[in-house]
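Derivation of every value follows stated rules applied to the coordinates shown; laboratory data play no part. Predicted model only: the values in this text are computed from it and were never measured. Glycine gets a Cβ as well: all are built from the backbone with ideal geometry, and neighbour counts include every protein chain shown.
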Amino acid sequence: MKNKAGVRGGRVSASEFPRLEQCPGSRNLIVKLGDNTIKESEWSSSGDLVHKYLATRDTKLLEKMNDQQKDCSEKCIEQRGRIITQVFGSGEFESFVEERLWTPLKEHSRSFSGQADERFVSLDGKIGLVIDYKSLFGDVPAAPDNLQIGALVVLAFFQKPTMEKCYGAIVQPPVSEHPVLVEYTPQMAGDMLEVLCGLIDAARDADAPLRTGDYCKWCPAILHCRAAKDIFGTVYKLACETQLDGLK
Ligand code: SF4
């Protein structure tokens, strides 16, 4: 499978912003590594099954799931229903599943893309909603503080400029039964865009620093990162020693 960073032409994706905020240098390292980074599928096959089911509702997938995955899928669908009612009431809406959106100038150095698991727009074009499903345990910032959600909302506004507000939610049943909604106005989305562009600028700096933290465990470059070497100690050393030689 081709690395997703390659598929996106090396541009930043919405899911990367939380990491870039903490570790600006990670982007340069990931671009340098190219196809040598860890593929997302290598650590998220369990979550992939739930995501595939939520996207397709193909009941054959349920036969491949364990009880935990089935339970998570059911809860995602139940929480999704509650959020939709909260945002749209009895109003009609369109929905878009796993659709990758780009900022308008795809070739611009600050361009980025993002793929909401689901995006919704009211039929009058005034209200939007983006939902990101997370099927695994793991700390992620709540929607109001989550830069991935912020980026997906910005992209939703670019896609549907008539929107007067757009909501964002993270649905993560293993962590919470009650997803928090964040509401963005066009002004707030503009402010978020400035923040995201600032993070891209910082990440493009040749001297952007590497900073380690808990988030390293989800970083595609972790097996090749000298900064992470200290926190993963001997296991890291054994696994990566030979690969590091090629990057000196
Ligand atoms: S492993 Fe950690 S320190 Fe290294 S690039 Fe990734 S996020 Fe940054």
Note, ³J(HN,Hα) from phi for the stretch 219-230, Karplus 6.51, -1.76, 1.60, rounded to Hz, x at Gly and Pro: 7, x, 9, 4, 6, 10, 9, 5, 5, 6, 3, 5
Distance (nanometres) between label positions extended 7 Å along Cα→Cβ at GLU177 and ALA206: 5.6
Using the structure shown, list the pairs from LYS64/LYS217; LYS52/LYS160; LYS160/LYS217 with a Cα-Cα distance above 31 Å, or answer none. LYS160/LYS217
What are the residues whose amide H is under 5 Å from the amide H of PHE112, where those residues sit 5 or more places off or on another chain and H is modelled from the backbone? THR103
One computes Rg over Rh for the stretch 4-245 from alpha-carbon atoms, with the Kirkwood Rh, and obtains 0.98
What is the spin-label model distance, in nm, from ASP139 to ASP67 if the labels are put 7 Å beyond Cα along the C-beta direction? 3.0
Karplus 3J(HN,Hα) series, Hz, for the stretch 167-176 with 6.51 cos²θ - 1.76 cosθ + 1.60 (x for Gly, Pro): 9, x, 8, 9, 9, 9, x, x, 10, 8
Quick check on the stretch 161-218: take the gyration tensor over C-alpha atoms, sort the square-rooted eigenvalues as a ≥ b ≥ c, and tell me if it's rounded (a/c under 1.5), prolate or oblate. oblate
Could you please rank ARG57, ARG204, placing first whichever residue has the fewest other Cβ atoms within 10 Å of its Cβ? ARG57, ARG204
Using a/c under 1.5 as the rounded threshold, could you call the stretch 46-90 rounded, prolate or oblate? The axes a ≥ b ≥ c are square roots of the C-alpha gyration tensor eigenvalues, and prolate needs a/b larger than b/c, oblate otherwise. prolate
Can you compute the modelled spin-label distance between TRP218 and GLU164, with each label point 7 Å from Cα toward Cβ, in nm? 3.4
Please compute the length gained on full extension between GLU78 and GLU98, using 0.36 nm multiplied by the number of residues separating them and subtracting their Cα-Cα distance. 5.3 nm
